[in-house]
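Working notes, beginning with the structure itself.
Bear in mind these aren't lab numbers, they're just calculated from the coordinates by the rules spelled out. These figures come from a predicted structure and were not determined experimentally. Cβ placement follows ideal geometry from the backbone for every residue including glycine, while neighbour counts extend to all protein chains displayed.
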């Protein structure tokens with residue numbers, strides 16, 4: 001048996017989907033042939049997306065553990081399903097890596113990915129492996145949603161309330177600690193999981209879709225300022241954010257002196273994978289303050305005027321420019 | 001509008017699927033949101049696969065034109081659908097590239113990919129872009145097949161005939177000419193298209209599936225010796241190939257002196273993307289010699305004994321080792 005085939009068997013064994021996927025009846029043929037064969041569910045639509053997770057772009061080998069890379073690469077792609085209100089079902093993994101990483105590193109990477117797959121109830125159904133100078137992971141996820149119930153970015157209307165789940169800025173704070181080599185200090189360890197092992201809002205996304213509560217939705221993968229701008233552009237509207245209402249990450253006093261500003265982290269920090277959604281005002285009384293323990297906060301409103309402003313507690317407003325993560329930016 | 005968004009719009013405009021896809025009724029939401037939404041067809045199964053196409057592994061920027069990289073990256077993934085007997089429907093593109101390639105190179109790459117998409121009737125429904133030091137393309141394709149009709153690698157039985165479409169070794173010959181810098185010579189130009197712009201056997205794959213003619217099938221992406229070994233391993237059988245029957249590429253006399261051996265090219269050369277399939281003997285009389293102009297050749301038979309042998313015209317036999325393209329090989 002050649003090395004490539006052994007590698008594929010190791011991947012398939014490390015992520016044994018039948019153990020946790022209740023959806024394997026839909027799987028006609030899994031990993032190991034030219035392609036996977038799925039029997040689509042009746043009375044449902046499929047939601048598909050793919051996401052690359054690249055060394056030196058999305059993670060750094062010298063600071064990120066293989067478990068975290070495995071977990072997060074799958075979480076990142078799956079968060080897009082949450083943002084549509086879809087339930088995760090299957091995924092494909094394309095894995096390009098240097099030969100030296102095919103031993104212990106790969107086992108730990110697969111363990112991290114398997115824990116994400118179990119948590120999100122995703123079955124690995126196929127993929128591709130290649131030898132490559134740097135690590136390049138590409139993940140395709142397939143989810144399911146009731147017909148017509150996928151929540152797009154384009155449905156926000158003037159007057160809608162802008163809401164967000166959880167807290168914002170925590171992932172960016174964790175990333176900064178890692179990059180500034182502060183992550184090793186025991187006192188800051190509790191601040192790392194939002195960066196390394198983000199929670200997804202899958203149940204919330206599906207609940208908002210089922211209840212037809214959200215008129216538009218996106219996950220905060222690139223930062224509130226950037227992701228809100230995407231909703232506004234797709235919907236042809238503007239927005240006004242209330243600075244004092246934004247659920248900012250709590251920054252310990254000892255770190256504030258090092259330039260960590262909670263509002264800046266919350267506005268522009270990426271990778272929180274919270275849900276940012278708009279709710280028509282007449283439905284907003286039905287929106288609870290918590291969903292399964294996750295706080296839902298009203299942070300602003302959609303406006304007819306197509307600009308995005310942030311309002312201070314004293315009533316003064318300033319334009320909010322998208323300063324989150326963008327590829328090919330000229331800065 | 002930021003650079004990343006402009007890039008996504010350029011991609012969507014360059015591959016305007018509605019112009020050629022007869023399947024857009026199934027597409028509820030295309031490129032530009034968090035994910036694509038598709039309405040699966042009734043009475044059909046879906047076939048999915050993903051394939052990476054990487055700089056310095058699958059292509060070289062200094063010798064391969066952007067058009068050829070665009071065409072071939074999509075063709076390579078789509079060939080796996082042909083090998084299942086599926087009809088291509090949709091694809092997702094994950095594109096990671098250096099900023100310097102986002103101008104003219106990208107336009108030409110997208111033109112090559114668009115010509116493949118038109119030819120294969122594939123609609124681009126989503127994807128991902130990222131800035132990266134080297135080019136990394138990952139393509140997910142989705143095809144359709146009648147329930148239970150996908151042709152796997154695992155159905156070959158002792159006595160089945162082994163058949164192959166087209167000629168073998170032509171892509172490897174083209175690759176060698178490119179690598180030995182002979183590709184610029186006008187007399188060898190006609191030998192390059194099988195390497196740069198491979199034809200796929202989509203109609204043949206669907207015909208074999210519909211007629212239930214093939215008991216097992218694979219595309220010859222990594223070379224006859226390697227791909228036949230995969231069918232044999234999956235089916236738990238062996239094979240005997242008749243050397244004199246193998247439809248080898250015609251090597252011009254002037255090149256034979258340079259070490260190009262037609263049988264070696266045909267046995268171990270990769271990327272022909274022909275279909276290698278097995279046919280139960282009782283059905284073989286129904287197999288025509290040509291399908292839509294493409295020759296179909298009987299090149300051997302499946303054996304109960306689990307080894308793969310090649311038989312010379314004089315009757316002598318030798319083991320055929322898989323010497324096609326394999327990642328993570330120790331050579």
Using alpha-carbon coordinates alone, the radius of gyration and Dmax of segment A:120-168 in Å work out to 18.1, 52
Rounded to the nearest 5, the percent of DSSP beta bridges in the protein assembly as shown running antiparallel is 75
List the distances, in nm to one decimal, from the label point of residue B:317 to the label points of the same position in every other copy, shortest first, placing each label point 7 Å from Cα along the Cα-to-Cβ direction. 8.4
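Based on the Cβ-Cβ distance from residue A:107 to residue B:254, what FRET efficiency comes out when R0 is 60 Å, to the nearest 0.05? Before the final figure, lay out the partial values.
Numbers: r = 51 Å, r/R0 = 0.86.
So, using R0 = 60 Å, E works out to roughly 0.70.
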Diffusion coefficient, µm² s⁻¹, Stokes-Einstein with Kirkwood Rh over alpha-carbon pairs of segment B:247-331 at 25 °C and 0.890 mPa s: 155
When chain A is reduced to its Cα atoms, the Kirkwood hydrodynamic radius in Å: 20.8
Taking each residue in A:116-123, count the Cβ atoms of any other chain within 10 Å of its Cβ, then average. What number comes out? 0
Tilt of helix B:170-179 relative to the longest C-alpha principal axis of chain B, in degrees (0 to 90, nearest 10)? 60
Taking the C-alpha atoms of segment B:161-319, convex hull volume expressed per residue in Å³: 119
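Taking the number of other C-beta atoms within 10 Å as the exposure measure, put B:128, B:51 in order starting with the fewest. Mind dumping the intermediate values first?
Values: B:128 22, B:51 26.
Result, fewest neighbours first: B:128, B:51.
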Could you tell me the center-to-center distance, by alpha carbons, between segment B:284-317 and segment B:73-107 in angstrom? 32
Fewest to most Cβ atoms within 10 Å: A:115, B:289, A:225, A:244 sort as B:289, A:244, A:115, A:225
Restricting to Cα atoms and excluding each atom paired with itself, what does the Kirkwood estimate give for segment A:69-171 in Å? 15.6
Roughly what angle does helix A:224-235 make with the longest principal axis of chain A, taking Cα atoms, 0 to 90 degrees, to the nearest 10? 80
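How would segment A:3-145 be classified by its alpha-carbon gyration tensor: rounded, prolate or oblate, with rounded meaning a/c under 1.5 and the a/b versus b/c comparison settling the rest?
Values: a/c = 1.97, a/b = 1.46, b/c = 1.35.
It comes out prolate by the Cα gyration axes.
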Could you state the angle between the C-alpha long axis of helix A:104-120 and the longest principal axis of the C-alpha atoms of chain A, as a value from 0 to 90 degrees rounded to the nearest 10? 60
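Compute the normalised compactness of the protein assembly as shown: alpha-carbon radius of gyration over 2.2 N^0.38 Å, N being the residue count.
Working: Rg = 26.3 Å, N = 662, 2.2 N^0.38 = 26.0 Å.
In units of the 2.2 N^0.38 Å rule of thumb, it is 1.01.
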Förster-model FRET efficiency, 25 Å R0, residue B:42 and residue A:210, C-beta, rounded to 0.05: 0.60
Please list the radius of gyration and Dmax for segment B:23-73, considering alpha-carbon atoms only, with Å as the unit. 16.2, 47
State, to one decimal in nm and shortest first, how far the label point of residue A:244 sits from each corresponding label point in the other identical copies (label point: 7 angstrom along Cα-to-Cβ). 9.4
Hey, for residue B:186 with labels 7 Å out along Cα-Cβ, what do the inter-copy distances come to in nm, ordered shortest first? 7.9
